[in-house]
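Below is one structure; the comments refer to it alone.
A short reminder: the numbers here are calculations on the coordinates, not readings from a lab. Here the structure is a predicted model, which is why all the values come from computation and not from measurement. Note: ideal-geometry Cβ built from the backbone for every residue, glycine included; neighbour counts use all protein chains shown.
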Amino acid sequence: MPRKFVFFLAALLTALPSGAMNSGTSPSRSVNLTIDNHFQKDAIERPARGEELIVAYYGHPNSRYMGIVGRYSLHELVEKVKATARLYQQLLPEHTIIPAIYLIYGTCQPQGRIGYLSDAIVNRYIDYAKDQNVKIILDHQIGSYSLKSAVDKLLPYLSFPHVHIAFDFEWRTSNPMKEIGFVMGEELNWMQKYVSDHLINNNIPGNKYIIFHQFTASMLREHHKASTGFPQVDLVHCTSGWGPPWQKKATHTFNATITQIPIKGFKLWYYYSDKPGIHYDSPLMVPQEVLALNPRPRIIIYQ
């Protein structure tokens, strides 16, 4: 899955001061942000006791090339993500570290069509994860469909206590692989309220994560209009993009300036293949490096 850091770097320099499957616009705003360079890079900050941190494995069950999920059986996958979660638990013994499987539920295809995972596959993962005390995150790539239609497809799954949702606005386009999609700050507010109302109106208890990714400045527009704090909803702003650690840290530093969304995530890419179009981090950041990021991610995703 392509992650074009060149777009991010150009935007960052501008911003800085003198920075099996079933088929089923808004004006741009320039970014003018300042970067706080006072980050703790040498020590892992100790949070309040009991804070939750999620370690997730990402991908599509039917594709080895779209992430680690498709490379192992469900049983093997769960054992592996639990092992990775234990690495973080050793570093943060006062935290609650929760493993998760992050499924690409709606995959963007040519012309922005969406291919969905079958109910049978989704339910198999949901049921097994429940028995293993593992969370499920269902990701919709939106394509050419409306944001409302994408959210509506995922709402029924929120009745499961361990299921959360995500949206990949990179693929919110009718020209995938040729242009990068985006979301407006006010759309994030609408989405949070819409999900919050659904949870309240249907007496669904507990908080739900809503995750979205960003790896270029243009992917989140009018970010100053975004807000959080909607009942039962935790919006997660996830740093995405493959590459060497310095690039990934630069992206995270840029995203950190969007303080309207305080909960951050961070995504990493395992090496799998040198096949063209298959990307990976080189070298892969180790857990100590990930936890030293500021702000420290609440959700850590491995593709």
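Figure the gain on full extension for SER118 and ARG86 (residue separation times 0.36 nm, minus the Cα-Cα span) and round it to one decimal in nm.
8.4 nm
Starting from 0 in steps of 10 Å, tell me what percent of the Cα-Cα pairs of the range 209-252 lands in each bin.
It works out to 24, 47, 25, 4, in whole percents.
List every residue whose amide H lies under 5 Å from the amide H of ARG298, counting only residues 5 or more places away in sequence or on a different chain, with H placed 1.01 Å from N in the peptide plane.
Those lying under 5 Å, H to H, from ARG298 are LYS264, GLY265.
So for each of 161-170, 229-238 I average, over its residues, the number of other beta carbons within 10 Å; can you give me the resulting order with the highest mean first?
161-170, 229-238
What does the extension gain come out to for ASP274 and LYS178, with contour length at 0.36 nm per residue minus their alpha carbon separation?
Difference between extended and current length: 32.4 nm.
For the range 222-303, which chymotrypsin sites (Phe, Trp or Tyr not before Pro) pass both filters: DSSP loop (anything but H, G, I, E, B) and at most 13 other C-beta atoms within 10 Å?
TYR271
Along the Cα→Cβ direction, 7 angstrom out, place labels at ASN203 and TRP246. What is the inter-label distance in nm?
Computed distance between label sites ASN203 and TRP246 equals 5.8 nm.
On a full-extension model of 0.36 nm per residue, what is the gain between HIS75 and ASP127, subtracting their alpha-carbon distance, rounded to one decimal in nm?
Additional length available on full extension: 17.5 nm.
Classify the range 39-187 from the C-alpha gyration tensor, please: rounded if a/c falls under 1.5, else prolate or oblate depending on whether a/b exceeds b/c.
prolate
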